[in-house]
Amino acid sequence: MLSLGSVGAKSTKPSFVSYVTPEEIKLEKEPPKIEKHPDLLPGEVEFCCANPILKYTQDDLSQRGIFGTLFCTNFRVTFISDEKSQEETTKTFKNKLYGENDIPLMCVDHIYGVYDEKKKLITGGLVKNKYPSKMIIHCKDLRVFQFCLTFTKEEDAKKIFQGIAHHCLEEKSLKCVFAFSYSGTPSPGTELSSCREMQRKRETILFDSPEDWTQEMKRTRANCRLVTENENFELSQRYIIRHFTANISSIKCYYYLNYKVHIWCWSHHSGCALFKASLPPVTQEDGDFQKHLDIMINAVAHNYLYSAKTEDLSESLPTIQDIQQSYNKFKQFFLIENSTDFWLSDVKWFSSLESSGWLDIIRQCLQKAVEVVECLEKDNTNVLITEEEGTDLCCVISSLVQIMLDPYYRTLMGFQSLVQKEWVAGCHAFLDRCNHLHQKDKECHSPIFLLFLECVWQLVQQHSPAFQFSETYLTVLSDSVDVPVFSTFLFNSAHHRESVMKAESPLAQSSPLSCPTVWDWSVQFDSKAQNFFFNPLYSEKVKHEKAVRKAHKPKHQRQLSLPSTAFKPPSKKGFFKDETDSLKKMLRVKRLSRWMGSPDSPAATTRGFYESWQQRPLDYHGLLLPCLDGPAVRVWMQRYLRWIPEVHIMGGGSVAVMTKLMELLSQVQDLKCVLEQRDSSQAVKLDHRPYIQHRLLSFGSSGRLSSSFPFAYSRNRSFKPIIPTGLMQSLMVSDSLASQEDEASSFVSLV
């Protein structure tokens, strides 16, 4: 035996012989890297890139992640992993324009940098300084990305950081938005896409022509006058649809005095109507203000015996600045960077939601809409809603009122037409309110359109069978606002859109640029993904054959749950002309907000109005009213919690319930088909829904899906122990949870 510790032992010669040279070993261990680049859209240009970049996961503080390359283009910030992603290839609900690792430049909300383990908000002054070790990006759709820059070269890291900060945060002009590069670049299949766009226009009314407005007034049987004198924006920078008795010269006179005239929104079947208008400047004298208000009231009440009630929304609802501040507080609870932050915030979850005031603002908007509905439906009075600009909260309330009263706007195409009429043609300042250009003036920023979608979601989750579209559709629509491809949410008014598109066109002498509208969903999703936009529980209106109907006088198409008690004017014309002047003066102007101190305040009368409606048989194609009690107004779970893995329920949530309901609906349809085959003379028309089968195939097994499906799929995650959240904060600092967390991770991986 050999002595291991002998001092005088001779050193043995190495017996290992290598038959491979060191150069060959180096080549085998370090294969040549293949440079990866994103699939660029037509008109998309790559600015800068850096590799390797570590993208952190959101699991915990272990700083785990994946390596890849970070790019910045004129459309997005994109991260391409060095590993092949299996989720992207198997996704059914996949966006064609950007993926889960892509951030449209408009979608960037804030950028933070970590300097010496201190998190700082990136502004214009910090961009030129030393680049941070970690870059954190908060998105408007509530996604959070964390990139480590310490593994790449200093020059590349500084370049990618400054490039992203410059193109995402610096104030820019509208012509730099990617939509102009995307629309100005010809691509294969342009003729096909234009055909699809023309087909979409025939389905969704865009309200960009007098014919569209005439069609809408005929549908609602509105007794209004179409004024086309402003077609070239000579009087005002908007299309004006209003009911006026004065001649055009008097209208021009009031425009030259900087007044704005009321706009018709919708007409009730009883004859009363809803109008909106902007208030005149506050610097003018009271006499001019009252004169202007009297002219608007005379125009509203003309040809109607009903009284006209006015409501100044700026007095009864929060300001746009208050809405912005409330939402800023609210969204912070969902911008989670790691699981530790989530569990710490979970301790004060309900008190934090209450302190933000966001849910209370939603309740106030729904309450105000119900008050207006009561005036139109029960009192049969004209309603004129006003605010300073007439394009913010007026759009919210008028849209909600029409959804509650008109079942057409609860269909997919009807809802899109409503957004076009009240928001796009109604001159809502999307460019300023959404801060697409990163303007420094924060007073004009406010999520008004998101507030409207929040209110609609409350109606959808309370009365799901009444709506043809799903909450997934509303979530996608809220995301599409910040996609710089579509012209729908890119401008402040119709005049702004036409002037910019004509000026930026390279062929301005022949024709202006044409950006796609957001309603052409084929630009973002294929047909299978668009099936998720439809609600499988939608209760379509049963259509009977004409032979079953009895001969009767044609009535209006809307069926309302409450009876109509409209006062019918006498046939004598003299009575209307002479006798009603004093009656109009007494009943013409009543402010809804001034009734708050009386026993018949809107809160009390609206409660009785809701209870009387609730006692009647529910008609999903009639009047719909929301429940405004505390527990009824809920958080939009799909939109705000879809990116937080800790709240995902594997095989549970609304996905599991929806899957079972669709299976039952499919079985009911099969039974209907069998009954129809047995009795071919059956007169009942079947409720065909071809998209249900596709949705069933897309859902697959609900046990493998997350509750945030289709936005987040099942994946292995680490969970904290299931213990009361009150104890979590005290236990978070201890190291005893490490072993328990590993056990939980191994258990989840087995599942």
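The values are calculated or read from the model by the stated rules, or taken from the named source; none is laboratory data. Here the structure is a predicted model, which is why all the values come from computation and not from measurement. Each accessible area value is taken on the protein alone, full model and side chains, heavy atoms only, with ligands, DNA and RNA left out. Shrake-Rupley method; radii C 1.70, N 1.55, O 1.52, S 1.80 Å.
Laid out as a table, the results:
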{"read-out": "Exposure of ARG433 as accessible area (Å², to 10), given a probe of 1.4 Å and all protein chains", "value": "30"}
{"read-out": "Solvent accessible area, Å² - TYR112, 1.4 Å probe, full protein context", "value": "40"}
{"read-out": "Derived scalar couplings ³J(HN,Hα) [the stretch 400-417; Karplus, 6.51 cos²θ - 1.76 cosθ + 1.60; whole Hz; x for Gly, Pro]", "value": "5, 4, 5, 5, 5, 9, 10, x, 4, 7, 8, 8, 5, 5, x, 5, 5, 5"}
{"read-out": "Solvent-accessible area of ILE320 with every protein chain in place, 1.4 Å probe, in Å² to the nearest 10", "value": "30"}
